[in-house]
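Below is one structure, written out as structure tokens; comments come after it.
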Amino acid sequence: MLRPEVATALGAVTTDHAWALVERFSTLKREHPDDVRVAAEEIATRLRALGVPVTIHEPELFLSLPGLASVSLGSSRFRAKPMALSRATPGTTAPLIHIPNRQDPSLEEFFARPGETDRDRQVRGRIVVTEGFGMPGKVAHYEALGAVGLIAVNPGKNPHWGICTTVWGTADLYDLPRKPAIPVVAVNNPDGRALIAAAERGEVGTIESALEEGWYSSPIPLVRIPGTEDPDHFVLLHGHYDSWDVGVGDNAVGDGTLLEIARVLWSRRASLRRSVWIAWWPGHSTGRYAGSTWFADNYAVDLYESCIAQVNCDSPGCRWATEYLDVAWMSETEDFCKAVIKEVAGKDAKGERPYQAGDYSFNNIGLSSYFMLLSTMAPDDRAAKGYYAVGGCGGNIAWHTEDDLMEIADRNILATDIKIYLAAVMQTANATVAPFDFGRTVGEFEATLARYQAAAGTAFSFEASRRALAELRAALGKLAERAQSVAERPVTDSTVQAVNTAVRRLARLLVPVNFTTRPAFFHDMAEQIPPLPDLAPSLELGSAGPERRGFVLTHLVRGQNRLVATLRDAIREVERAL
Ligand SMILES: [Zn+2]
């Protein structure tokens, strides 16, 4: 399935340059602005030594740098980590209240809000102690209920760093009111158990937490490798180079991956048909994707008009991560991603809808997207080691702790993952027609609507959406035939260009309606966003009281208008190409 020039390029991959960068990064604490700057210089110096031209942007990003924290209980003091963008406090003292976490201890817990409990009414004026991670939805939920602080009881022996704001990247004026206003810290499990016991006895605790926040000049190295036939259109490959502590598995390995792909593609740019842009982001950990968000904001029109796909690279090549089981991909890219992974790694991949996370800062622009985390440990292997779910490092629980060291990287797995990323990106750039199947997206929408219709029963009909989807499916069938018939033509052929324009326009329309509620060029919240989010309130129709029910139905009318109008625009875009 890979084009011959792509297969040839894979033969040029080595791990020498990537591994040297990983080793260097294992000595830099890349959450701190000084080490971030050194890391950016390392990337740029190595690129230039390899002959690859690089541009360095210097945006001012709003970041939050955690310092020291502790929780005290009488004369006992427990080690804690402040969550980035939580409020600093010289000492917040209040009664503790334990709210047991009933959420699925899988990745879901990272993004969803907690369900309501009868204890919610007792939260006001207290410090909430709850199991899991201090993630944004949870923090926003308890802050709104009047909690004065939150202590996240992490599952392991080490508390994990993280960021607790729902604001995506640097805030704009819509976002600013959502900046967390309470202290939030993480503690390890044994200490957390003691704090839970104290909460059950009704004791008072104190959080001390130091953070420094403000505007920090943060370099973004950007490589642009021009295509030879259609240089205006490009694939964006990207990953973060800042990390918690030295962050080897998350994400020095990803930075090495990008470096090697830049080297190989630059040296083989004569065989690149369209352009590839490669970017390394700062501000991922301490600014909730502030680097990629700045880029989305400042290259918005280029991305909107000319980007074929965005590809995220986070935590590849980690120890024991031999499987491809929770790979993020948007539906239109699913078959393509599976085929690439099968061909390069010989593995059957399983994927999922991308979470609202991991530098997916481009959904409001409407870019087809694939990959975030890539290889992962087999579930049996994780279970045998007693590991809990984490958000990176291939499943290694060293993720976001001071244990994320060289032993977390695996050079052989890294070699395979570099090849997967290279094959996917180059194939996307070189395919005559972008290798995406929006019939899959229509199928996803149909399945989503069937679920929402079942929940709504006779209270609301999605028939108008279903009719528009059927029409779009028929039009896409004709587009696929047209794409097939021009597969051997040059990429500059006007029919080929028309088909590719339609594919990009489909993404600009169908990605936002499926992944966002905010307008184009703004950013949705860093929280779980359900499929076709404006129709998801149908799920609560069964339990909504008589008053709320009318508001839900009003929302669904507007949501369906948005979807039907979007689908009809999509049909017109496809017809224009036929
Ligand atoms: Zn990461």
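Looking across the range 365-401, the residues that are more than 16 Å from the ligand (Cβ to nearest atom), in a loop (DSSP other than H, G, I, E, B) and surrounded by fewer than 22 Cβ atoms within 10 Å (Cβ to Cβ) come down to Ala378, Lys385, Gly386, Tyr387, Tyr388. Restricting attention to the range 402-420, the residues being within 16 Å of the ligand (Cβ to nearest atom) and crowded, with 24+ Cβ neighbours inside 10 Å number 5.
Checked against the criteria, Ala423 counts as within 23 Å of Thr14 (Cα to Cα), open to solvent by less than 40 Å² (accessible area, probe 1.4 Å) and out of contact with any Phe, Trp or Tyr (no Cβ under 8 Å at 6 or more places or on another chain). Can Thr55 be described as surrounded by fewer than 16 Cβ atoms within 10 Å (Cβ to Cβ), within 30 Å of the chain's Cα centre (by Cα), modelled with pLDDT of 95 or more and more than 21 Å from Trp161 (Cβ to Cβ)? The answer is yes for Thr55.
Would you confirm whether any residue within the range 344-356 is crowded, with 24+ Cβ neighbours inside 10 Å and more than 16 Å from the ligand (Cβ to nearest atom)?
Initial filter on the range 344-356 (crowded, with 24+ Cβ neighbours inside 10 Å): none.
Taking every residue of the range 344-356 in turn, none turns out to be crowded, with 24+ Cβ neighbours inside 10 Å and more than 16 Å from the ligand (Cβ to nearest atom).
Restricting attention to the range 213-257, the residues that are more than 13 Å from the ligand (Cβ to nearest atom), not in a loop (DSSP other than H, G, I, E, B) and not basic (Lys, Arg) add up to 19.
Take Ser315 and tell me if it is more than 19 Å from His523 (Cα to Cα), in contact (Cβ under 8 Å) with a residue 12 or more places away in the chain and surrounded by fewer than 23 Cβ atoms within 10 Å (Cβ to Cβ). It would help to see each step written out before you state the result.
Numbers: more than 19 Å from His523 (Cα to Cα): yes; in contact (Cβ under 8 Å) with a residue 12 or more places away in the chain: yes; surrounded by fewer than 23 Cβ atoms within 10 Å (Cβ to Cβ): no.
Here the answer is no, as Ser315 does not meet what is asked.
When the range 502-522 is filtered for residues that are open to solvent by 20 Å² or more (accessible area, probe 1.4 Å) and in a loop (DSSP other than H, G, I, E, B), the ones remaining, listed by number, are Thr517, Arg518, Pro519, Ala520, Phe521, Phe522. Residues that are touching a Leu at 6+ places or on another chain (Cβ under 9 Å) and among the aromatic types (Phe, Trp, Tyr) were ranked within the range 285-298; the one that is surrounded by the fewest Cβ atoms within 10 Å (Cβ to Cβ) is Trp294.
Residues considered: Ser275, Ser285, Ser267, Ser271. Of these, the only one that is under 25 Å from Phe62 (Cα atoms) and of a type outside the set (Lys, Arg) is Ser285. Taking the range 409-444 as the range and being in contact with a helix residue (DSSP H, G or I) (Cβ under 6 Å, 6 or more places away or on another chain), over 26 Å from Thr322 (Cβ atoms) and part of a helix (DSSP H, G or I) as the test, the residues that pass are Phe438, Gly439, Arg440, Thr441, Val442, Glu444.
Annotation: of all residues in the range 276-325 being within 13 Å of the ligand (Cβ to nearest atom), in a strand (DSSP E or B) and among the hydrophobic types (A, V, I, L, M, F, W, C), the one that is farthest from Ser243 (Cα to Cα) is Cys318.
Just one residue in the set Arg77, Arg30, Arg102, Arg121 is at pLDDT 95 or above and exposed (fewer than 15 other Cβ atoms within 10 Å of the Cβ); that residue is Arg77.
The values are calculated or read from the model by the stated rules, or taken from the named source; none is laboratory data. None of the values given here were measured: they were computed from a predicted structure. Note that we place each Cβ from the backbone using ideal geometry, even for glycine, and neighbour counts take in every protein chain shown. For the accessible areas, the whole protein counts, side chains as well, though only heavy atoms, and no ligand, DNA or RNA atoms are used. Shrake-Rupley method; radii C 1.70, N 1.55, O 1.52, S 1.80 Å.
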